[in-house]
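Taken together, the values in this text are just the output of simple stated rules run on the coordinates, not laboratory data. None of the values given here were measured: they were computed from a predicted structure. Positions of Cβ are generated from backbone atoms using ideal geometry, with glycine treated the same way; all protein chains shown enter the neighbour counts.
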Amino acid sequence: MKKAIIGISVAVIWLVCVIMFSVFAKQNTNSANQFTVLTVKEDAVKDYNTMPVFQELAEDTGTDVKWIYNTSTQYANNTDPVGIKGIDAIYHAGFSNLKLYDYGRRGRIVAIDQYLSVMPNFSKILTARPDIAEALKSPDGHIYSLPRIEEMGLKSYPNILYINKKWVEKLIDDGNMPTDVTIAKTDLVDGMDLTRNEFKAILRKFNELDMDGNGSTTNEVPLSFVSGNWQGNESDLIASFGIAENREHKTIIDGEVVFTIEDENWFRAVRELSEWYSLGLIRSSAFTQTESDFLARGQDGRYGAFYWWEKDTVLNKSVRNDYIIVKPLINDETGLRYVGVSNELEIEKGACVILDACEDKEGLLSYFDKFFEPDYSAQLNYGSIKSGAFLAQKVNGKLVPNDDHGEQSADDFRMKNAPYGVVYLAKETWDNYVEMESRAKLRLSNLENYVKEYTFAGATSIPNLNYTREELTTLNTYESSLGNNIASWYAGCITGGSTPTRESWQNFLNTNKDSIDTVLRLNQAAYNRYIEAIN
Ligand SMILES: [Ca+2]
């Protein structure tokens with residue numbers, strides 16, 4: 001009897017094992033983890049579903065993700081993307097702090113910090129980098145999104161001034177160089193020095209003369225930039241007056257959050273730019289054009305000078321060597337140079353959110369956790385190894401970017417082949433796992449050689465700050481309207497056709513005083529807490 005029971009038990013155990021095994025095996029082979037992720041993608045970017053990096057991720061994790069798309073316009077028109085039926089996550093969600101928190105506290109998106117046990121890579125980052133952990137928190141201490149972290153040290157200085165060397169040589173050759181500009185042809189090398197008044201005098205010649213010799217004096221654009229753009233804006237031209245300008249007109253000086261617009265030097269800069277505009281040195285297009293308009297217009301070498309963070313994307317190969325770097329302009333009155341520091345963040349918060357509707361949150365988050373590994377991050381950011389973004393063989397353990405894409409430009413290749421989004425490319429990644437693109441290295445060395453040392457004394461970027469729910473709501477009310485008021489007053493002054501008066505500037509500041517003071521007070525309080533938290 002006893003033997004029989006044992007015999008039956010063994011049989012039952014065996015049977016259970018067989019069933020369990022087959023269930024387990026079935027889960028694995030049929031890849032039970034199937035997810036649908038909405039991503040914001042333009043048509044020119046290749047289908048994520050066939051990108052080698054995503055195929056590799058699927059094999060590696062046994063997770064089957066189906067990508068569906070919104071263009072940025074479609075996405076922007078959707079007031080409640082989290083409410084879209086049938087999706088598990090939104091990639092390139094781009095939610096603001098307030099939106100993340102509002103969706104998070106209502107439980108509509110997932111508090112990712114509660115799933116760290118299935119996210120070894122993300123956990124490691126949060127432990128090693130308290131500043132990142134702090135940056136990602138919402139007012140209730142939860143992390144509601146996966147970040148994009150790309151630390152190259154480039155974003156803080158997004159403007160380098162280039163000048164058309166060939167045109168300057170022509171002014172010298174033809175005896176047209178203004179008498180108060182004392183430069184020789186031997187000065188025309190990367191890192192050349194110019195005072196702001198010398199630069200202005202040269203631009204006036206670029207405007208008056210047929211510099212490219214096509215028989216017309218109207219096709220030359222003396223100075224171009226993309227006003228208010230994240231890169232290649234006019235901030236450092238304004239900074240040359242002795243102000244730590246950036247596109248938000250807001251920075252930190254020695255630990256204090258300040259608006260540049262309240263500084264006398266800012267007003268003097270605006271008044272001067274209004275004169276440059278009326279002289280035709282800056283055209284209205286500088287205030288209306290998009291990045292791609294700017295890039296398209298400059299290709300044939302019609303810009304006398306321009307601000308961008310490198311010249312290769314702005315210029316055709318045939319005219320690229322005609323341009324050289326001008327160091328930040330020297331202020332004629334003080335003999336000094338100044339550049340501001342941008343607030344473009346290397347830690348971006350809202351790269352991806354997981355919806356509460358997702359049935360297997362652990363499964364999807366352990367899939368996304370892989371994105372933080374160096375090889376995946378690199379491929380997500382630049383394109384797959386298999387599609388030729390990197391050399392097939394690593395060198396000294398590092399992935400090496402392939403700079404040669406034949407007829408295709410590096411930017412064009414990357415735009416079509418790289419999904420971007422959730423990545424972790426920090427200093428340790430560049431040191432150990434991924435070689436930087438040669439153009440990124442060139443930008444860094446240009447900044448080191450010609451720009452960084454002129455940083456306005458004590459100026460630093462505003463980091464990712466954490467706000468309370470009340471602060472977020474108040475900022476939401478004040479910040480965007482203040483931003484619009486500044487932008488319209490500023491552009492109106494420069495392009496309005498009359499010289500802005502000190503009185504109009506004072507009136508503008510008085511009208512916005514409440515907003516300015518409120519925003520500064522809340523920014524400062526959050527900045528003080530940030531400093532406390534990371535120390
Ligand atoms: Ca011409």
Given 432-443, 220-231, the highest-first ranking by average Cβ count within 10 Å works out to 220-231, 432-443
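Using per-residue counts of other Cβ atoms within 10 Å, averaged over each peptide, order 138-148, 114-124 from highest down. Numbers along the way, then the final one.
Details: 138-148: 21.4, 114-124: 16.5.
Ranking, from highest mean packing down: 138-148, 114-124.
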Pull up all non-local amide H partners of Trp308: gap of 5 or more, or a different chain, and H-to-H distance under 5 Å with H placed in the peptide plane.
-> Ile160, Tyr162
Using only the Cα atoms of region 224-379, each taken as one equal point scatterer with no solvent, compute I(q) by the Debye sum, divide by I(0), and report log10 of the ratio at q = 0.08, 0.12 Å⁻¹.
-> -0.37, -0.70
Size of electric dipole in region 64-217: Cβ of Lys, Arg +1 and of Asp, Glu -1, about Cα centre, debye, nearest 20 = 680
Which ³J(HN,Hα) values, rounded to whole Hz and listed in residue order, are derived for region 509-520 from phi using the Karplus coefficients 6.51, -1.76 and 1.60 in 6.51 cos²θ - 1.76 cosθ + 1.60 with θ = phi - 60°, glycine and proline given as x?
-> 5, 5, 4, 9, 4, 4, 5, 4, 5, 5, 4, 4
Can you tell me the alpha carbon radius of gyration of the chain divided by the globular rule-of-thumb value 2.2 N^0.38 Å?
-> 1.15
So how strong a dipole does the chain carry about its Cα centre when Lys and Arg Cβ are +1 and Asp and Glu Cβ are -1, to the nearest 20 debye?
-> 1400
Karplus ³J(HN,Hα) for region 270-285 (6.51 cos²θ - 1.76 cosθ + 1.60, θ = phi - 60°; Hz, whole; x = Gly/Pro) runs 4, 4, 5, 5, 5, 5, 4, 5, 5, 7, x, 6, 10, 9, 4, 4
Contour minus end-to-end for Glu264 and Ser504, with contour as 0.36 nm per residue of separation and end-to-end as the Cα-Cα distance?
-> 85.1 nm
Would you pull out the residues with amide H under 5 Å of Asn402's amide H, same chain only if 5 or more places away, H placed 1.01 Å from N?
-> Phe390, Leu391
Taking region 371-508 as the region of interest, what is the percent of Cα-Cα pairs per 5 angstrom bin, listed from the shortest bin to the one with the maximum distance?
-> 2, 8, 11, 12, 10, 11, 12, 12, 9, 7, 4, 1, 0
Gain in length, Glu362 to Glu407, computed as 0.36 nm per residue apart minus the alpha-carbon separation, to one decimal in nm?
-> 11.9 nm
With x for Gly and Pro, the residue-by-residue ³J(HN,Hα) of region 341-354, computed from phi through the Karplus equation 6.51 cos²θ - 1.76 cosθ + 1.60 at θ = phi - 60° and given in whole Hz, is 10, 6, 9, 5, 8, 8, 10, 9, 7, x, 5, 7, 10, 9
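For region 258-344, what is the convex hull volume of its Cα atoms per residue in Å³? All intermediate terms of the calculation are to be shown ahead of the outcome.
Details: hull volume 12.2 nm³, N = 87.
Output value, Cα hull per residue: 141 Å³.
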In whole angstrom, how far apart do the alpha carbon centroids of region 152-205 and region 430-481 sit?
-> 28
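For a 21 Å ceiling on Cα separation, which of these pairs sit above it: Lys250/Lys311; Lys165/Lys317; Lys398/Lys441; Lys46/Lys99; Lys166/Lys317; Lys99/Lys250?
Values: Lys250/Lys311 27 Å; Lys165/Lys317 15 Å; Lys398/Lys441 16 Å; Lys46/Lys99 29 Å; Lys166/Lys317 15 Å; Lys99/Lys250 23 Å.
As for pairs spanning more than 21 Å Cα to Cα, those are Lys250/Lys311; Lys46/Lys99; Lys99/Lys250.
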Estimated 222 nm signal from helices in the chain, with DSSP H stretches of n ≥ 4 weighted -39500 (n - 2.57), rounded to 500 | -12500 deg cm²/dmol
Once you put a point 7 Å from the Cα of Ala76 and another 7 Å from the Cα of Ser285, both along the Cβ direction, what distance in nm separates them?
-> 2.2
